[in-house]
Amino acid sequence: MRLIQSLSCCLLSIGTLFSSASIAQGAYPTKPINFIVPYGAGGGADSRSRQIAQKMSVILKQPIIVDNKPGAGGNIGTEYISRAAPDGYTISMGNFAPMAVNKTLFGNLRYDPETDLTPIVLIEKGPLVLVVNPDSP
């Protein structure tokens, strides 16, 4: 139930964002939107992206094409979106790895998450827990 509430709130935010953008800049969208998922098919980011894309397609009355570009801890797909034309027709699912952690882990990151990407909406928050074997010192 909580997932449905979060998803509904997110989709309302997206609909509001795109409808206000269309008022200010003319009709949007006028063609299909590419939704890049920087992870493989079947995972959490992929399934959530497909749920969102389906609802966005209905709201925006345009096809949303989900395109998985996995690899390098999310860096391949994230670099792809950072190089896309800044026209609103290529969007991506981002999470903490390619947006924050990978900048430290990879010395040759070919995008800067702080300057090459712009967040649109927070989709969900979830706890992360660091765990260890209980017999560890």
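The values are calculated or read from the model by the stated rules, or taken from the named source; none is laboratory data. Predicted model, so just to flag it, every value in this text is computed and none were measured. Cβ sites come from the backbone with ideal geometry, for glycine too, and all protein chains shown count toward neighbours. Note: areas computed on protein heavy atoms with side chains; ligands, DNA, RNA excluded. Shrake-Rupley method; radii C 1.70, N 1.55, O 1.52, S 1.80 Å.
Listed here are the helices (runs of 4 or more DSSP H) enclosed by the range 44-137 that have at least 3 residues being closer than 26 Å to residue 29 by Cα: 44-60, 75-83. Residue 47 passes every criterion in (1) polar (S, T, N, Q); (2) surrounded by fewer than 16 Cβ atoms within 10 Å (Cβ to Cβ); (3) touching a residue at least 40 places away in the same chain (Cβ under 8 Å) apart from (3). Could you list all residues from the range 50-66 that are hydrophobic (A, V, I, L, M, F, W, C) and either open to solvent by less than 70 Å² (accessible area, probe 1.4 Å) or touching a Pro at 6+ places or on another chain (Cβ under 9 Å) (or both)? If the condition is that a residue be hydrophobic (A, V, I, L, M, F, W, C) and either open to solvent by less than 70 Å² (accessible area, probe 1.4 Å) or touching a Pro at 6+ places or on another chain (Cβ under 9 Å) (or both), then 52, 53, 56, 60, 64, 65, 66 are the ones that fit.
Looking only at the range 93-108, decide whether some residue is at pLDDT below 95 and among the charged types (D, E, K, R). Among the residues of the range 93-108, at least one is at pLDDT below 95 and among the charged types (D, E, K, R), which makes the answer yes. For the range 115-137, enumerate the residues that are under 30 Å from residue 89 (Cβ atoms) and open to solvent by less than 100 Å² (accessible area, probe 1.4 Å). Of everything in the range 115-137, those that are under 30 Å from residue 89 (Cβ atoms) and open to solvent by less than 100 Å² (accessible area, probe 1.4 Å) turn out to be 116, 117, 120, 121, 123, 124, 126.
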